[in-house]
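The values are calculated or read from the model by the stated rules, or taken from the named source; none is laboratory data. Note that this is a predicted model, so its numbers are computed, not measured. Note that each Cβ is placed from the backbone with ideal geometry, even for glycine, and that neighbours are counted across all protein chains shown. For accessibility, only protein heavy atoms count, side chains too; no ligands or nucleic acids. Shrake-Rupley method; radii C 1.70, N 1.55, O 1.52, S 1.80 Å.
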Amino acid sequence: MTRHTPAPRAFDPRPPEPERDKAIAETDKALAEILRPRQHRAEVVFALASFAIAVWLATQWSAQTTWFEGQRAGRQPGLWPLIAIIGMLTFGAGALIACLLRNRQAAGESALPEVVLWARTAEYLGWFLAYVLIVPWAGYLPATLIFCTALAFRLGYRGGMLWLAPVLGVAVVVLFKGFLSVRIPGGALYELFPRAIRNFLVLYL
């Protein structure tokens, strides 16, 4: 009596049905978040602030730009600022209306947490302003070394990564003053050194 051996199954490269369905569902969810993102109340705050800035710029246009009588529009100094402001007002108003309609139809989350998150980024504006104020007193190189090291420590870097911060500061100074020849006034601290050393510090550091 002949015994029949079942033929081997053909290799199917596709994943099993449950895994395939799960992957498809995750892909659909990711696409939905891109094409139809969740509505956030904070987007209304952003749109309102952007439109308010555009309105303020529009009120300042005549005082901050010049429009000469008898000169064609293409040569007017105030033409491109005017075009930019009109664009900001037009698109800003459209974005604000769209945000208001979206948030009216679909209630979103509270705007406060995201607005607080935006406000926290103002800390780094303070870091930059402090750096700009320190440079005229300490000089470009010392201020850059202090700024890079302090900011790296604030961001949580420790150990060897923290030591890379002053190295980066030196590289920035060499790039801007050595290769790009950017002229930056010497710091008041340089005045304490003898004339020859002071001249070297002003030129290269």
What is the residue count in the stretch 39-49 for residues that are in contact with a Gly (Cβ under 8 Å, 6 or more places away or on another chain) and surrounded by fewer than 15 Cβ atoms within 10 Å (Cβ to Cβ)? 0
Scanning the stretch 125-164 for residues that are crowded, with 19+ Cβ neighbours inside 10 Å, aliphatic (A, V, I, L, M) and without any contact (Cβ under 8 Å) to a residue 40 or more places away in the chain, the one nearest to LEU201 (Cα to Cα) turns out to be LEU145
Applying the selection to the stretch 165-201, what residues are part of a helix (DSSP H, G or I), in contact with a Pro (Cβ under 8 Å, 6 or more places away or on another chain) and either at pLDDT 90 or above or surrounded by 15 or more Cβ atoms within 10 Å (Cβ to Cβ) (or both)? LEU189
Matching residues in the stretch 59-87 (part of a loop (DSSP other than H, G, I, E, B), of a type in the set (Val, Ile, Thr) and either open to solvent by less than 50 Å² (accessible area, probe 1.4 Å) or touching an Asp or Glu at 6+ places or on another chain (Cβ under 6 Å) (or both)) number 1
